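Chemist: So that we are looking at the same thing, I have put the structure below in C-alpha cells.
The values are calculated or read from the model by the stated rules, or taken from the named source; none is laboratory data. Just so you know, these numbers come straight off a predicted model, no measurement behind them. Cβ placement follows ideal geometry from the backbone for every residue including glycine, while neighbour counts extend to all protein chains displayed.
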Amino acid sequence: MAARIEPIAGRYVHLTLGGRDCRVYFEEAGRGIPLLCLHTAGSDGRQFRHLMNDAAVTDHFRVIAFDLPWHGKSTPPIGWENDEYRLTTAAYVEAVMTFSRALDLDRPVVMGCSMGGRIVLELAAGHGPDLGAVIGLEAADHQTPWYDTEWLHRPDVHGGEVCAALVSGLVGAPAPDEHRWETLWGYMQSGPGVFKGDLYFYRVDSDFRERVAGIDTRACPVHLLTGSYDFSCTPEDTLRTAAKIKGAEAQIMDGLGHFPMSEDPARFREYILPVLARVRAARA
Amino acid sequence: MIERLVELVNADEALVRRGRFLTTDFLVEVGETPYHVSVERGRMASVTRRPVLMRPWRFAIRAAEDAWLEFWQPVPRPGYHDLFALTRFGRARIEGDLQPLMANLRYIKEVLEAPRRLARSA
C-alpha cells in the first residue's frame, strides 16, 4: 500500500457530564504511560497530531487527546440550542477526570495548553495523587484580559474569522506558514460562541493565584513551558506561577507562541522531549 | 513605510479579495504623524500624510514611531509582532468604531503588516 496512513486512531466515548449524556471524541496513538492532552480554548484535539505521529513520544507514551463537548467532533449535549455555552472550573475538572476514569487511565500525565494549561494546575492541586504529573503549556495561575470577548460572538462579525484573527498574533513569528495556518484553521472551525464560552473559564472562573501554592509536586510533578512570543500567557506569568509552586520546573521556549505543539512541532519537540524523558525517569 | 501601503496592498490580489466587503477610512498614527488610510472594497484608495481637516475616520490605531519600526521588522521580536501584542503592552492604542476593524480583522492586520515585505525584499 503506497498511501501513508497515520498511526492515530479516533473513537467516541459516552460520558455523563453535568448530568447530561455527552458523545465525546478522542484520538490516540502509542503505548506506555498515558499522556492525556488538553486542547486550547476554541479549538480541538487535532492540535496534538504531531506528538501522536512522533515515535520518540509514542514508543513510551499512550498519547490521548479528547475534544471537550462543543469542540471538534464532540457534539454539544442535547438541548444545547438554547444554552449559552460557558465552561467552568468544576465542569472542566469533571470532564477530564470522568474521561480518564472511563478509559481506565492509570495515573495519566496530563498535558494541557492555554486553558488546558490553566486547568492542569487545578488538577494538580485537587487530584494530584491520581495523576502521574502535569505539564502546563502556556500555563499560568491567572490572566489579565487583553480584549473584549463580546466581539467573538455577534451577528455583525464572523465568529470563525474573528477568533482566528484575534489569536493569529499568538503564533510565534518564526512559525512555519503551514503550521501557523493549520493552527488558525482550528479556530476558524470552532462553533459559534464556543471560544467565548471557554474564555469564561479562562478569564472569570479560574483565578488560581491562591490555589497553586497548595500543589504537592512530590505527589504530582509540575512542568511549565511557555513560548517567548506568547503575550496572552506571558513568560512572566508562567515564571511567577512556577515560583509559587515548590518543586515546579519552568522553561521559556524561544521562538514559540501560544500553540507550541501545533504551530511549530519541530521546535516544540526540542523542548518537550527532555521533559517527557524526565517524566519517564521519575515514574520508573 | 506606511506611504507604501497603496502599492503593497494593491499588488496583493489575495489581500484585496479578503477586504472586498470593506470600504472605510481609518487613521494610522506613527508617533505624532497621522496618516489617513482610505480603503475601497479592499483596495487602497489613498494614504494621506498629515491631518486632513473635517475628514472623518471610523477607527484609529496609534503607536510611537519606534514601536511601528519594530513591528515592521521582517521577523519582529516578541511583544512587537502583532497589533494586539502592541496594545496589550500599552505600545499602541485603538480608538473609535471597532466594528469595521473586527469584522475585517485579518485584512486590517495584514494591511498593517504589509511593510514587513519591504524589509524582506531589501
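Chemist: So which residues in the stretch A:142-175 are in contact with a Leu (Cβ under 6 Å, 6 or more places away or on another chain) and β-branched (Val, Ile, Thr), if there are any at all?
Modeler: Across the stretch A:142-175, the qualifying residues are A:Thr149, A:Val162.
Chemist: While we're here: Considering the stretch A:127-167 alone, what residues qualify as being of a type in the set (Ser, Thr, Tyr), under 25 Å from A:Leu239 (Cβ atoms) and either touching an Asp or Glu at 6+ places or on another chain (Cβ under 9 Å) or touching a residue at least 40 places away in the same chain (Cβ under 8 Å) (or both)? Write out each step before concluding.
Modeler: Step one: filter the stretch A:127-167 for residues of a type in the set (Ser, Thr, Tyr), giving A:144, A:147, A:149.
With under 25 Å from A:Leu239 (Cβ atoms) added as a condition, the list becomes A:144, A:147.
A:Thr144 - this is the single residue of the stretch A:127-167 that is of a type in the set (Ser, Thr, Tyr), under 25 Å from A:Leu239 (Cβ atoms) and either touching an Asp or Glu at 6+ places or on another chain (Cβ under 9 Å) or touching a residue at least 40 places away in the same chain (Cβ under 8 Å) (or both).
Chemist: Further question on the same structure: Mind listing whichever residues of the stretch B:63-122 are in a loop (DSSP other than H, G, I, E, B), within 11 Å of chain A (Cβ to nearest Cβ) and under 22 Å from B:Glu13 (Cα atoms)?
Modeler: Residues satisfying the conditions are B:Pro74, B:Asn104.
Chemist: Right, next: Residues in the stretch A:122-172 that are surrounded by fewer than 18 Cβ atoms within 10 Å (Cβ to Cβ), of a type in the set (Asp, Glu) and in a helix (DSSP H, G or I): how many?
Modeler: Result for the stretch A:122-172: 2.
Chemist: OK, next. Among the residues of the stretch A:184-237, write down those that are aromatic (Phe, Trp, Tyr), within 17 Å of A:Gln47 (Cβ to Cβ) and either in contact with a Gly (Cβ under 7 Å, 6 or more places away or on another chain) or surrounded by fewer than 22 Cβ atoms within 10 Å (Cβ to Cβ) (or both).
Modeler: Result: A:Trp185, A:Tyr187, A:Phe195, A:Tyr229.
Chemist: Tally the residues that are within 20 Å of A:Thr238 (Cβ to Cβ) and either at pLDDT below 95 or not in a helix (DSSP H, G or I) (or both), restricting the search to the stretch A:173-201.
Modeler: So the count comes out to 3.
Chemist: Then there's this: Restricting the stretch B:10-32 to residues that are touching a strand residue (DSSP E or B) at 6+ places or on another chain (Cβ under 7 Å) and farther than 19 Å from B:Gly96 by Cα, which is surrounded by the fewest Cβ atoms within 10 Å (Cβ to Cβ)?
Modeler: Among residues in the stretch B:10-32 that are touching a strand residue (DSSP E or B) at 6+ places or on another chain (Cβ under 7 Å) and farther than 19 Å from B:Gly96 by Cα, the one surrounded by the fewest Cβ atoms within 10 Å (Cβ to Cβ) is B:Asn10.
Chemist: Residues to consider are A:Gly117, A:Gly160, A:Gly128; find the one that is within 12 Å of another protein chain (Cβ to nearest Cβ) and either under 17 Å from the mean Cα position of the chain (by Cα) or small (Gly, Ala, Ser) (or both).
Modeler: A:Gly160
Chemist: Filter the stretch B:33-45 down to the residues that are on the phi > 0 side of the Ramachandran plot and surrounded by fewer than 19 Cβ atoms within 10 Å (Cβ to Cβ) and list them by number.
Modeler: If the condition is that a residue be on the phi > 0 side of the Ramachandran plot and surrounded by fewer than 19 Cβ atoms within 10 Å (Cβ to Cβ), then B:Arg41 is the only one that fits.
Chemist: Please work out which residue is surrounded by the most Cβ atoms within 10 Å (Cβ to Cβ), limiting yourself to the stretch A:1-55 and to residues that are more than 19 Å from A:Trp181 (Cα to Cα) and among the hydroxyl-bearing types (Ser, Thr, Tyr).
Modeler: A:Tyr25
Chemist: On to the next question. Quick one: in the stretch B:37-75, of everything that is of a type in the set (A, V, I, L, M) and more than 22 Å from B:Arg18 (Cβ to Cβ), which residue is modelled with the lowest pLDDT?
Modeler: Only one residue fits best here, namely B:Val52.
Chemist: Does B:Trp57 fit the bill of being among the hydrophobic types (A, V, I, L, M, F, W, C), within 16 Å of B:Tyr35 (Cα to Cα), surrounded by 15 or more Cβ atoms within 10 Å (Cβ to Cβ) and without any contact (Cβ under 8 Å) to a residue 40 or more places away in the chain?
Modeler: So B:Trp57 passes the test.
Chemist: A further question on this structure: For the stretch B:73-122, which residues satisfy the criterion of being surrounded by 22 or more Cβ atoms within 10 Å (Cβ to Cβ) and among the charged types (D, E, K, R)?
Modeler: Correct list: B:Asp82 only.
Chemist: On to the next question. Determine, yes or no, whether A:Glu81 is over 29 Å from A:Trp181 (Cβ atoms), assigned to a helix (DSSP H, G or I) and free of Cβ contacts under 8 Å to residues at least 12 places away in the same chain.
Modeler: Values: over 29 Å from A:Trp181 (Cβ atoms): yes; assigned to a helix (DSSP H, G or I): yes; free of Cβ contacts under 8 Å to residues at least 12 places away in the same chain: yes.
Yes: the conditions hold for A:Glu81.
Chemist: Restricting to the stretch A:131-150, and then to whatever is in contact with a strand residue (DSSP E or B) (Cβ under 6 Å, 6 or more places away or on another chain) and either within 14 Å of chain B (Cβ to nearest Cβ) or of a type in the set (Gly, Ala, Ser) (or both), can you tell me which residue is farthest from B:Gly19 (Cα to Cα)?
Modeler: Among residues in the stretch A:131-150 that are in contact with a strand residue (DSSP E or B) (Cβ under 6 Å, 6 or more places away or on another chain) and either within 14 Å of chain B (Cβ to nearest Cβ) or of a type in the set (Gly, Ala, Ser) (or both), the one farthest from B:Gly19 (Cα to Cα) is A:Gly132.
Residue-by-condition table, conditions (1) in contact with a Ser or Thr (Cβ under 7 Å, 6 or more places away or on another chain); (2) basic (Lys, Arg); (3) within 14 Å of another protein chain (Cβ to nearest Cβ):
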| site | (1), (2), (3) |
| --- | --- |
| A:Glu94 | no, no, no |
| A:Phe99 | no, no, no |
| A:Ala102 | no, no, no |
| A:Leu105 | no, no, no |
| A:Gly112 | no, no, no |
| A:Arg154 | no, yes, yes |
| A:Trp181 | no, no, yes |
| A:Ser190 | yes, no, no |
| A:Phe195 | no, no, yes |
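Chemist: Same structure again: Determine whether B:Ala85 is free of Cβ contacts under 8 Å to residues at least 60 places away in the same chain and small (Gly, Ala, Ser).
Modeler: Here the answer is yes, as B:Ala85 does meet what is asked.
Chemist: While we're looking at this one, here's another question. Any chance the stretch A:157-165 includes a residue that's under 24 Å from A:Cys37 (Cβ atoms), acidic (Asp, Glu) and out of contact with any strand residue (DSSP E or B) (no Cβ under 6 Å at 6 or more places or on another chain)?
Modeler: no
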